[in-house]
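A short worksheet on the structure shown next.
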Amino acid sequence: MSHIEIDEQRCKACYLCIDECPKKLIKVGEKVNKLGAKPVEFCDPKGECLGCAMCATRCPDMAITKVFRG
Ligand code: SF4
Ligand code: SF4
């Protein structure tokens, strides 16, 4: 099963990655980070992540730090 890691302190909440994910596995979280933004969270209860890295490639702030392909 693939998954990603998000550096929530780097995320500026532009939400470009939400639209980019073909499986819609990224959502707006509830927490507020040091930038005053609500960072995104990875939510994949069914294990659907493809490990395609489209989210990480799209992020202008390199906040999606790792993509594990499984
Ligand atoms: S693209 Fe990057 S900065 Fe924008 S919401 Fe997603 S993780 Fe955060
Ligand atoms: S690696 Fe692909 S499927 Fe997984 S969260 Fe990112 S865009 Fe979505």
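Derivation of every value follows stated rules applied to the coordinates shown; laboratory data play no part. Small disclaimer: the values here were computed from a predicted structure and weren't measured. Here Cβ is always computed from backbone atoms with ideal geometry, including for glycine, and neighbour counts include all displayed protein chains.
Would you kindly derive the ³J(HN,Hα) couplings of segment 14-24 from the backbone phi angles with the Karplus curve 6.51 cos²θ - 1.76 cosθ + 1.60 (θ = phi - 60°), listing them in order in whole Hz, with x for Gly and Pro?
In residue order, the calculated couplings are 7, 6, 5, 5, 4, 6, 6, 5, x, 9, 6 Hz.
Go through segment 52-69 residue by residue and turn each phi into a ³J(HN,Hα) via Karplus (6.51, -1.76, 1.60, θ = phi - 60°); whole Hz please, and just put x for glycine and proline.
Each residue's phi maps through the Karplus curve to give 6, 6, 5, 5, 5, 5, 6, 5, x, 10, 6, 8, 8, 7, 9, 10, 9, 9 Hz.
How much mean residue ellipticity at 222 nm does the chain get from its helices, if each DSSP H run of length 4 or more adds -39500 (n - 2.57) and you divide by all residues, to the nearest 500 deg cm²/dmol?
Working: 2 runs with 10 residues, N = 70.
My calculation for the chain gives -2500 deg cm²/dmol from helical runs alone.
Which cross-chain or sequence-distant (5 or more) residues have an amide H under 5 Å from the amide H of Glu8, H modelled 1.01 Å from N in plane?
none
Relative contact order of the chain: what whole-number percent is it, with Cα pairs under 8 angstrom and at least 6 residues apart?
Taking the mean separation of contacting Cα pairs over the length of the chain, I get 48 percent.
Can you tell me how much longer the chain between Val28 and Ser2 gets when fully stretched, taken as 0.36 nm per residue apart minus their C-alpha distance, in nm with one decimal?
That pair, Val28 and Ser2, stretches by 7.4 nm at full extension.
With a sphere of radius 11 Å drawn around the Cβ of Pro60, what net charge do the other residues whose Cβ falls strictly inside it have (Lys, Arg +1; Asp, Glu -1)?
For residues surrounding Pro60, the net value is +2.
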